[in-house]
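Take a look at the structure below.
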Amino acid sequence: MTHVHIALWGVLPYLVLAVLVAGTAWRYRYDRFGFTTRSSQLHESRLLRIGGPLFHYALFLVIGGHVMGLLVPEALTERLHIGEPLYHLSALAVGGSAGLAAVAGLAILLFRRLRVPAVRTATSRSDRLVLPLLITVLLAGLLATASSVSNPYDYRLGVSVWFRSLFALDPDVGAMAQAPFVYQLHALLGMALFALWPFSRLIHAFTAPLGYLIRPYVIYRSRRRGPYRPATPSGTPHQVRAETPARPPERHPR
């Protein structure tokens, strides 16, 4: 274990976390109305309707797979009678499918951004940096998943141990230093993405409208052209004609 390993796997994760938290707080303080995706749906909607949901729903599955793989110890799944071969096969099938779907959805969105002139013009400098990095992170994750078919490396005994040790403020640098290069690359690219997160459109992930789940109902009142009375016994509303107000009497000067 060298000083480089200590810097990469023992110091850098905490620096990235500090940038993520401080950058988000700064962005909220000085650019609160910038917490948006800068939607370009008005410029083009056909490809957006396909690539947007495909990428986001698949990304939710990818995040769920990372939570399971990194935070759930292997001993716990063994107690639940889920053996390593079954877990590995499930992770390969579900995680690989979700990763491919996320890459396909993001590829459609990138194609749309390059093909539609108005969307291409609205692309910011941060987009030109973050979007290629995002698809590189996904491709590196897919490569790590595919390598597990022929490589006997068990990431839950290496990468996952290192990740959980970060929460204990005692990083197991050796566990990550011995991981295959593709896992190290995936982790470094992921940390770079989180460091840029507060300064890009990815910040909109922190503005999910969860309040809609508990907000009171909105009451809508229908508009009608004229005044009406309650329905008659036959069920037909009784319409009332608006009467013309009487004109006041004219006064002639004496």
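The values are calculated or read from the model by the stated rules, or taken from the named source; none is laboratory data. Owing to the predicted nature of the structure, the values given are computational and were not obtained by experimental measurement. Positions of Cβ are backbone-derived with ideal geometry, glycine not excepted, and every protein chain shown enters the neighbour counts. Calculation scope for accessible area: heavy atoms of the full protein, side chains included, ligands and nucleic acids excluded. Shrake-Rupley method; radii C 1.70, N 1.55, O 1.52, S 1.80 Å.
Could you list all residues from segment 52-68 that are among the small types (Gly, Ala, Ser) and out of contact with any Gly (no Cβ under 8 Å at 6 or more places or on another chain)? The answer is 64, and nothing else. Among the residues of segment 207-221, the one identified as open to solvent by 100 Å² or more (accessible area, probe 1.4 Å), of a type in the set (Ser, Thr, Tyr) and at pLDDT 70 or above is 217.
One line per residue, one yes/no per condition, for (1) modelled with pLDDT of 90 or more; (2) not small (Gly, Ala, Ser):
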| position | (1), (2) |
| --- | --- |
| 10 | yes, no |
| 22 | yes, no |
| 25 | yes, no |
| 34 | no, no |
| 53 | yes, yes |
| 72 | no, yes |
| 76 | no, yes |
| 81 | no, yes |
| 88 | no, yes |
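Considering only segment 108-202, give the helices (runs of 4 or more DSSP H) lying wholly within it that have at least 3 residues that are open to solvent by 40 Å² or more (accessible area, probe 1.4 Å) and farther than 27 Å from residue 50 by Cβ. Walk me through it before giving the result.
Details: elements: 117-121, 125-147, 159-167, 173-177, 181-196.
Of the helices (runs of 4 or more DSSP H) lying wholly inside segment 108-202, those with at least 3 residues that are open to solvent by 40 Å² or more (accessible area, probe 1.4 Å) and farther than 27 Å from residue 50 by Cβ span 159-167, 181-196.
Could you tell me whether segment 85-104 includes any residue that is open to solvent by 20 Å² or more (accessible area, probe 1.4 Å) and not in a helix (DSSP H, G or I)?
From segment 85-104, those open to solvent by 20 Å² or more (accessible area, probe 1.4 Å) are 85-95, 97, 100-101, 103-104; that's our starting set.
Filter once more, keeping what is not in a helix (DSSP H, G or I): none.
No, because not a single residue in segment 85-104 is open to solvent by 20 Å² or more (accessible area, probe 1.4 Å) and not in a helix (DSSP H, G or I).
In segment 63-81, how many are of a type in the set (A, V, I, L, M) and loosely packed, with under 14 Cβ neighbours inside 10 Å? Walk me through how you get there before you give the answer.
The initial filter retains those residues of segment 63-81 that are of a type in the set (A, V, I, L, M), namely 63, 67-68, 70-72, 75-76, 80.
Adding the requirement that they be loosely packed, with under 14 Cβ neighbours inside 10 Å leaves 63, 67, 71, 75-76, 80.
Looking only at that region, the number is 6.
Of 58, 22, 18, 7, all but one fail to be of a type in the set (A, V, I, L, M, F, W, C), assigned to a helix (DSSP H, G or I) and within 30 Å of residue 115 (Cβ to Cβ); the exception is 58.
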